[in-house]
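Engineer: Have a look at this one before I ask anything.
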Amino acid sequence: MDTIIELKDVTMKFRMTTQKVDSIKEYAIRKFKRQLQYVDFLALDGISFDVKKGEVVGLIGLNGSGKSTTLKLVSGILKPTSGSVTVKGNISPLIELGAGFDYDLTARENVYLNGSVLGFSHAEMDSKMEEIIEFSELHDFMDTAIKNFSSGMIARLAFSIATNIKPEILIVDEILGVGDFLFQQKCEARINDMMSGGTTVLIVSHFTDQIERLCDRAVWLEKGKIKMIGEAREVCAEYKKIKQ
Amino acid sequence: MKVKKKIYAVSVILFFLVTFVISVYSVSKDNFFNKTNNYPNKIFMKPDIVFDGWNEYDGTLTSVFDPQIILNGADCYVHSVRISGSSNFTDEKIRIFYTEKEGEYFSPEKTRLLDYNIINGGMYIYPDMYVYSLRLDITEEANVDLTLKNVELNDNSIVFSFTGLVMQCLFPTILFAAVLGLIIFGSALSSYVQVFKKFIPLLQNLISRDLKVKYRRSVLGFLWSILNPLLMALVLNIVFSKLFRFQVEYFATYYLTGALMFNFVIECTTGSMMSVISAAPLIKKVYIPKYLFPMQKCAFAFINMLFSSVAVVVVMLIQGVPFHAHILLFIVPMLYALVFAYGMGLILAAMTVFFRDIEHLYSVWTTIWMYLTPIIYPEELLQSSGLAVITKLNPMYYYVHSLRNVVMYGTFPSAIENIMCITFAIVSLALGLCLFKKVQDKFILYI
């Protein structure tokens, strides 16, 4: 099978100044006094893995282990300090809910806006509109400004758009925890659908049950390094052990 | 692809021909159809006012009662001067004095016997030379009731030089060709263009969102873009016609054209400056080419400018400024300025991400820049006060000046002005793109 995502020896280093310097004057003075202190923070330390086309891969790990950074690298938001990230195909990132939503616009306008953020034209979104409304169950609210929506409604809309544009790669960052029980089931069903349709999915979740249910493989990150990589079931089992 | 190429070639050639025909028409109209062409900004003293400062020079040259025309700081190649009045002109009656440098006095050494031509009672004189200042003394014939109606200064590089004509048509054509080429052959160019094309819908959406947000909940909506400059022009017109007496004909139009250009560039740059920072929520969640945000703000400012330009037309109608076919070419200086402002916007946006104080510094600079640019005062003021170097180095001067030439005075900006406009635009764009590209990957860490 083709490799669709490839991370090769990726290191992500954040340089954090100990004091926040955001004025020229301060910068100049500190530079002059040699007081510009940096603390390098290694978010990811030389990780490599690849994802084959059609695979569903889960990322697990404790907070601060580098899961979200990995997703951001894959979706192109961050550029690695060293190493390379190669991605073939278009991505629908659900890094956070409602990326590119404008809360003053109506749900319908946001569908177009969000679609265009992912690179789809007005006409293309028109053809998907029916399905999006159908899936999100927001029939009566499409012309309401989304600032009046509940977080569950926004999650439904966002998930609905992201999955309806039929991306080659879907990136999901802990959003399956939102919405009611029924909608969660629906989301899972949709992801299963997409998987069988050949979509590659990358999921971050703290719920190991979910990872086990959905994923083929899992990557366990700890402090920016890969602790374990393999069958989702095995990795999750190991991961659960340290919980106790 | 072949069809596309043909369309491309044909439209570029057509565009060139159209601009060429317009410029030839304007030249022939001025010279053969004998219509007058006003350069009010070049006439420091009104022609029918007798200038009485001659005593300083040489008392024997002329009598104080004889009409004189003084063109101070003309600083150009004067091809022809036209004088018309109630008297019938003959030769011998006109003496022309000139200076070649700033600060030089008119002197008997610098007089010229001139060729002349009388058409329809108007007299054409052809100094056909470069002058800094020009003085015409009308002797003997002149009596008190002589009125001088029009003085034409024809920049030779515009009027008769064929190369000049080609040059000035060439630059808009190059620009046109570049833009059209991008549109037609976009897919063939590079991955950058492919990415850009993918995000065009987003650009459209962002711009339309800006427009919606700007005019939401205002009764008059986009009419404010027209009303705002109109009211400003009204106020300034009152202030400047009552308090300060600058000799600028059609002051309101003069001010508005300048302000239109200036405000457009400022709106582009200040909008771009904050664009990347305010797009933080988006940039943090999805991959979007970051140059899109300054572009969005510039396009938004361009649309606003188009609305506001209606105000200029309204004021021109009210003041009775003659309309020329050239007015349609106002888009050319605007496009130059757009490129310039986008480049500047990229630089500002990139710098502001790292140092927020750029925002405050730039607002100070904006004020300074406004006073350095002849918007509310006549262009000659800088030259006559020895600050001509400012106008030479100030990109905004060229954009403002070109726009006024096209809109108010019905002339093409000269080839050299076009070159200056384009040079500033390209340099700014190149610098902006380089800087932006270099630091854009670090944005995410600072916003």
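Laboratory data are not the source of any read-out in this text; all were calculated from the coordinates shown. Remember, predicted model here, so these are calculated numbers, not experimental data. Don't worry about glycine lacking a Cβ; one is built from the backbone with ideal geometry, like all the others, and counts go over all protein chains shown.
Engineer: Running Debye on the range A:3-243 with equal point scatterers at the Cα sites and no solvent, what base-10 log of I(q)/I(0) appears at q = 0.09, 0.11, 0.12, 0.17 Å⁻¹?
Structural biologist: Those come out to -0.45, -0.64, -0.75, -1.21, one per q.
Engineer: Taking every DSSP beta bridge with both residues inside chain A, roughly what % is antiparallel (nearest 5)?
Structural biologist: Working: 23 of 40 bridges.
About 60 percent, rounded to the nearest 5.
Engineer: On to the next question. Within chain A, what is the longest stretch that has no trypsin sites (Lys or Arg not before Pro) placed in a DSSP loop and near at most 12 other beta-carbon atoms within 10 Å? Don't skip to the answer; put the middle values down first.
Structural biologist: Details: sites that count: A:LYS20, A:ARG34.
Of all site-free stretches, the longest is A:35-244.
Engineer: Related question: When the chain is fully extended, how far beyond the present Cα-Cα distance does B:SER278 get from B:HIS360, taking 0.36 nm per residue of separation? Each step should come with its number before you reach the end.
Structural biologist: Numbers: separation 82, 0.36 × 82 = 29.52 nm, distance 1.62 nm.
Separation in residues times 0.36 nm, less the Cα-Cα distance, equals 27.9 nm.
Engineer: So for the pair A:ASN63, A:GLU231, with labels modelled 7 Å out along Cα→Cβ, what separation do we get in nm?
Structural biologist: 3.3 nm
Engineer: Could you calculate the contour length gain from A:PHE49 to A:ARG30, that is, 0.36 nm times the residue separation minus the distance between their Cα atoms, to one decimal place in nm?
Structural biologist: Numbers: separation 19, 0.36 × 19 = 6.84 nm, distance 4.05 nm.
Taking A:PHE49 through A:ARG30 to full extension adds about 2.8 nm, to one decimal.
Engineer: Assuming R0 = 41 Å, can you tell me the calculated FRET efficiency for the pair A:HIS122 and B:ARG217, based on Cβ-Cβ distance, to the nearest 0.05?
Structural biologist: Working: r = 25 Å, r/R0 = 0.61.
In this case the efficiency is close to 0.95.
Engineer: Report the label-to-label distance for A:LYS240 and A:ASP143 in nanometres (one decimal), using points 7 Å from each Cα along the Cα→Cβ vector.
Structural biologist: So the label points at A:LYS240 and A:ASP143 sit 5.1 nm apart.
Engineer: What translational D, rounded to a whole number of µm²/s, comes out for the range B:199-445 from Stokes-Einstein when the hydrodynamic radius is the Kirkwood one over Cα pairs, at 4 °C and 1.567 mPa s?
Structural biologist: Values: Rh = 19.0 Å.
Rounded, D is 68 µm²/s.
Engineer: Select from A:ILE169, A:ILE77, A:ILE161 the residue whose mean-square fluctuation is largest in a Gaussian network model of chain A (Cα-Cα springs shorter than 10 Å).
Structural biologist: A:ILE77
Engineer: Ranked highest first by the average count of other Cβ atoms within 10 Å around their residues, in what order do B:194-206, B:297-309, B:172-184, B:359-371 fall?
Structural biologist: Details: B:194-206: 18.8, B:297-309: 21.6, B:172-184: 15.5, B:359-371: 12.9.
Highest to lowest by the protection proxy: B:297-309, B:194-206, B:172-184, B:359-371.
Engineer: Here's a follow-up. With runs of 4+ DSSP H residues as the only contributors, calculate the mean residue ellipticity of chain A at 222 nm using -39,500 (n - 2.57) per run, divided by the residue total and rounded to the nearest 500.
Structural biologist: Details: 8 runs with 93 residues, N = 244.
Result for chain A: -11500 deg cm²/dmol, rounded to the nearest 500.
Engineer: I want to check the label-to-label distance for B:ILE238 and A:GLU222. Put each point 7 Å from Cα in the C-beta direction and report it in nm to one decimal.
Structural biologist: It is 7.8 nm.
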